[in-house]
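**Q** Starting off with a structure, shown below.
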Amino acid sequence: MIKKGIPLSLTLSQALHSENTTSGKKYNKQRTLRLSLLAVLIAVCISFIAKFLIYLIDVITNIAFYGKLSLEPLSPADNTYGIFVIIVPVVGGLIVGLMALYGSKAIRGHGIPEAMEQILTNESRIKPSITYLKPLSSAITIGTGGPFGAEGPIIATGAALGSTLGQLIRITPNERKILLAAGATAGMSAIFASPVAAILLAIELLLFEFSARSFIPVALACITGAAGHHLLFGNEVVFPLTTEIAAASNYALFFYSVMGIIIGFLAVGVTKTVYWLEDMFEKLPVHWAWWPAIGGIAVGVVGYFSPRTLGVGYNNITDLLSGSLPMQIVISLCILKFVSWSISLSSGTSGGTLAPLLTIGGATGALIGSVGMQWFPDAGINIPLSVLVGMSALFAGASRAFLTSIVFALETTGQSNALLPLLGTCTTSYFISFFLMENTIMTERIARRGVVAPASYEPDILEKTTVEQLVTDDGVIINDDMSIDEVRNWFSNESDMKSNYFIVSDTEGEYKGIVSSSNLFNMHHNREGTISSIVKRNKVFIQPSESLRSAVEVMAKENVDILPVVVENKVAGILTYQHIISVYKTGVDEREKRQAHISLSRQRLKLLVRGQKLVSILKSKK
């Protein structure tokens, strides 16, 4: 017997998850616990690697600029080489170019875009050699005067460490992505003691999702990284201020919001300039291994005229926040640091973006803030807050890591009163960047290679829709005791039957499995045999209370376009791929279909009618 139109034997909303589903959830929780332990282990390792990287930068700086072997944290700005200082970054660039040529080309660049590309295209697999080549090459670059911070290299190193561990053990690509993100953000947290900002960085730039299975391991890794910072670097905030920032007035908030517009345009200009310079290097008639040395010439020349542009430069950020730097130095950090950093980064050397962007944005904020203090002396504008919001606004505009930028400024300075100015400035900067720039400084490079990074984080419409909301009783069920020949003849007379798969049950409606049309019409079968002899996949079904996402996963895994909805082992309905498409269509309509639910013209007409009635009533009373 073949049935069209299946009566629902039970109320679908009363269906319960099967024992398999319950055990599956328990299994997922066990895997999340396992990932969390691995993430903590990675964070412990990356904390010590971060400390080692800082030591290595100090050693190379002392050798390159002072000719001594020491761990003393000296700045390259105090060197006595004179014009010969130009040679030092060139030598560093030559070494890094050779390391990229004979070691791994993946050490080039600023880390985060490369990690994003591996997540999106290569199942989060990074070469294990990056774990030691990236920090070494970056230490050489920075130690010989490269205008970068230590955070970019340690983020890339942490990502490589997490990915490597994820390749050594049997886990899924998604779980490997979580370990990669945990390692990367633990590195950032270990350098800056900013665990919350690091978690947000993972969500905004690396994970492309927000779920318990990803959030918990990453959060634990970032907390461990922050603990590592406190153990190895101290408990003080990274960028301390000598005086506490007072709450900003409304006039000051308006000023900082306008400042965000200016810095938003700067963020667009900075991003476009960096990639324009990359295009120029691509046109050079020399091998790419020589490019870091060519970039080193620019670093050396700029460093000769403005020594503060050399090296890590975290002290520059602290000095800017103090508001004590002469305006001439502020201008040099704003312009010359950008020239040095953009040329060096575009040359393909091993460096980062965060510290240079913070320096350039902070210097710009100081310049705009000083002008504002002269024009609006009573508005409550001050240099430290102008520097802080300028730092965050430039990073927010260039990377569009909006929440990361705000929380990072709060965590690294400890100035909670800066929250509202940060929110206003970063919002306007993000606004300008969003409308004027298709890609960001993090995604432009991979976009040029055809890799599209997710631009939005919306609720999964399949996750929030249950099977029972879409299941239908309009379908075909084949009885398992029918002969193959009988079913074939029936389908031959039914011209509208185009399905690739058919559901099989017994006469009582108990689910038996699925049979494909290709198997049904296979000429090798005994025509007199029953359907039960060719039924397969008797475990392929879905329950009403499960989400459409689970249904899609089952369809994809089993390569079927139809699923029986089973309640207490009886077929209660059918779910097809057309249902999935209809849900997506509904989602598209919600985002794009424009319509007015309240007609203003009708409301106006009603008011006029009521007004006329009121006038007539008043006249009658008179």
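A short reminder: the numbers here are calculations on the coordinates, not readings from a lab. Note that the structure is a prediction, hence the values are computed from the model and not measured. Here the Cβ is made from the backbone with ideal geometry for all residues, glycine too, and neighbour counts use every protein chain on show.
**Q** Based on the inverse mean of 1/r over its pairs of different Cα atoms, what is the Kirkwood hydrodynamic radius of the range 81-158, in Å?
**A** 13.1
**Q** Further question on the same structure: Once you've got the Cα coordinates, tell me which of K68/K337; K177/K512; K512/K585; K51/K272; K29/K51; K177/K464 are over 29 Å apart.
**A** K177/K512; K512/K585; K51/K272; K29/K51
**Q** Separate question: What 222 nm value per residue comes from the helices of the chain, counting each DSSP H run with n ≥ 4 as -39,500 (n - 2.57) and dividing by all residues, nearest 500 deg cm²/dmol?
**A** For the chain, the value works out to -20000 deg cm²/dmol.
**Q** How much of the pair distance distribution for the range 163-277 lies past 17 Å, counting alpha-carbon pairs only, in percent?
**A** The share of Cα pairs beyond 17 Å in the range 163-277 comes to 69 percent.
**Q** Note the angle between two axes, namely the Cα long axis of helix 402-413 and the longest principal axis of the Cα atoms of the chain, as a number of degrees from 0 to 90, rounded to the nearest 10.
**A** 40
**Q** State log₁₀ I(q)/I(0) for the range 121-202 at q = 0.18, 0.24 Å⁻¹ as given by the Debye formula over alpha-carbon point scatterers of equal weight, solvent excluded.
**A** Rounded to two decimals, the profile gives -0.72, -1.07.
**Q** Cα gyration tensor of the range 320-413, axes a ≥ b ≥ c as square roots of the eigenvalues: rounded (a/c below 1.5), prolate (a/b > b/c) or oblate?
**A** oblate
**Q** Between the alpha-carbon centers of the range 338-407 and the range 416-437, tell me the distance in whole angstrom.
**A** 12
**Q** Here's something else I'd like to know. Taking the Cα-to-Cβ direction at E568 and at Q469 and moving 7 Å from each Cα, how far apart do the two end points lie in nm?
**A** Each label point is offset 7 Å from its Cα along the Cβ direction, giving 2.6 nm.
**Q** Let me ask something additional. Report the normalised scattering of the range 258-371 as log10 I(q)/I(0) at q = 0.13, 0.17, 0.21, 0.24 Å⁻¹, calculated by the Debye formula with identical scatterers on the alpha carbons.
**A** Cα-only, vacuum Debye calculation for the range 258-371: -0.50, -0.82, -1.15, -1.38.
**Q** Between the helical axis of 600-621 and the dominant principal axis of the chain, each derived from Cα atoms, what acute angle in degrees is found, rounded to the nearest 10?
**A** 80
**Q** Which value, to two decimals, describes the C-alpha radius of gyration of the chain once divided by 2.2 N^0.38 Å?
**A** Cα-based Rg divided by the globular estimate yields 1.24.
**Q** Could you order the peptides 157-165, 54-62 from most to least packed, using the average number of other C-beta atoms within 10 Å per residue?
**A** Going from most to least packed, we get 157-165, 54-62.
**Q** Could you state the angle between the C-alpha long axis of helix 354-375 and the longest principal axis of the C-alpha atoms of the chain, as a value from 0 to 90 degrees rounded to the nearest 10?
**A** Its long axis makes an angle of about 70 degrees.
**Q** Sort 349-358, 116-125 for me by packing, meaning the mean count of neighbouring Cβ atoms within 10 Å per residue, highest on top.
**A** By packing density, highest mean first, the sequence is 349-358, 116-125.
**Q** Still on this model: For R449 and L420 in the same chain, what is the full-extension length gain: residue separation times 0.36 nm, less their Cα-Cα distance, in nm?
**A** 6.6 nm
**Q** Turning to a different aspect of this structure: Can you give the Rg to Rh ratio of the range 344-394, both from alpha-carbon atoms, with Rh computed by the Kirkwood formula?
**A** 1.18
**Q** For the range 414-430, what does the Karplus curve 6.51 cos²θ - 1.76 cosθ + 1.60, with θ = phi - 60°, yield as ³J(HN,Hα) per residue in whole Hz, taken in order and with x for Gly and Pro?
**A** Coupling constants for the range 414-430: x, 9, 5, 5, 7, 4, 5, x, 4, 4, x, 5, 5, 5, 5, 5, 4 Hz.
**Q** Taking the Cα centre of the range 87-146 as origin and charging only Cβ (+1 Lys, Arg; -1 Asp, Glu), how large is the dipole, in debye to the nearest 20?
**A** For the range 87-146, the charge dipole is close to 100 debye.
**Q** I'd like to compare 386-396, 133-143, 95-105: which one has the highest average count of other Cβ atoms within 10 Å, and what's the full order after that?
**A** 386-396, 133-143, 95-105
**Q** Could you give P(r) for the range 389-452, binned at 10 Å from zero, as whole percent values over all Cα-Cα pairs?
**A** P(r) for the range 389-452, in whole percents per bin: 24, 46, 23, 7, 0.
**Q** Let me ask another. For a Förster distance of 56 Å, can you work out the FRET efficiency between the beta-carbons of Q374 and N500, rounded to the nearest 0.05?
**A** That pair, Q374 with N500, gives E of 0.15.
**Q** Here's a follow-up. How big is the Kirkwood radius of the range 192-349, worked out from every pair of different alpha carbons and given in Å to one decimal?
**A** Mean inverse Cα-Cα distance, inverted, gives 19.2 Å.
**Q** Mind checking which of A50, I169, P421 is farthest towards the positive end of the range 22-448's charge dipole, using Cβ charges of +1 (Lys, Arg) and -1 (Asp, Glu) about the Cα centre?
**A** My answer, from the dipole projection, is I169.
**Q** Can you run phi through the Karplus equation (6.51, -1.76, 1.60; θ = phi - 60°) for the range 130-140 and list ³J(HN,Hα) in whole Hz, with x for Gly and Pro?
**A** So the J values, rounded to whole Hz, are 5, 4, 10, 6, 5, x, 5, 5, 5, 4, 5.
**Q** Treating only the Cβ atoms of Lys and Arg (+1) and Asp and Glu (-1) as charged, compute the dipole magnitude of the chain about its Cα centre; round to the nearest 20 debye.
**A** Roughly 1280 debye for the chain.
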